[in-house]
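Q: What follows is a single structure, and I will ask about it in a moment.
The values are calculated or read from the model by the stated rules, or taken from the named source; none is laboratory data. Just so we're clear, the structure is a prediction, and the values are computed from it rather than from any experiment. Positions of Cβ are generated from backbone atoms using ideal geometry, with glycine treated the same way; all protein chains shown enter the neighbour counts.
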Amino acid sequence: MSGDSCDECGFGRYKPTTLPYLRMFGTHMIVLPNAPASKCDVCGAVDYQPEFLLTMQVMLEKIAKDQRSGGMTKKQASEQRPGWTPAGQGR
């Protein structure tokens, strides 16, 4: 969208930037401090990059699906987290 005319004011041009992305997810607030976006240099209108928004949608739908099905099993959770060992042990 970089360099495209602004859809809001029709005068400005969108410039690439990073901006905070805030979204409610159920009772939780999701905050991503550096989301890829374009911002109008005249009126300040913001458009987040479509690829970013699609990725967020897919991730949030997966989380919602996991919550509806009762969450991850212990095995799934252990596979996603690296094992922890105290410093100096296991050598």
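Q: Can you say whether Pro50 is touching a residue at least 12 places away in the same chain (Cβ under 8 Å) and on the phi < 0 side of the Ramachandran plot, as far as the supplied structure shows?
A: In short, no.
Q: Mind telling me which of the residues Arg68, Arg81, Arg23 ends up being of a type in the set (D, E, K, R) and modelled with pLDDT of 90 or more?
A: Every option except Arg23 fails the conditions.
Q: Please work out which residue is surrounded by the most Cβ atoms within 10 Å (Cβ to Cβ), limiting yourself to the range 1-18 and to residues that are in a strand (DSSP E or B), at pLDDT 95 or above and not charged (D, E, K, R).
A: My answer is Tyr14.
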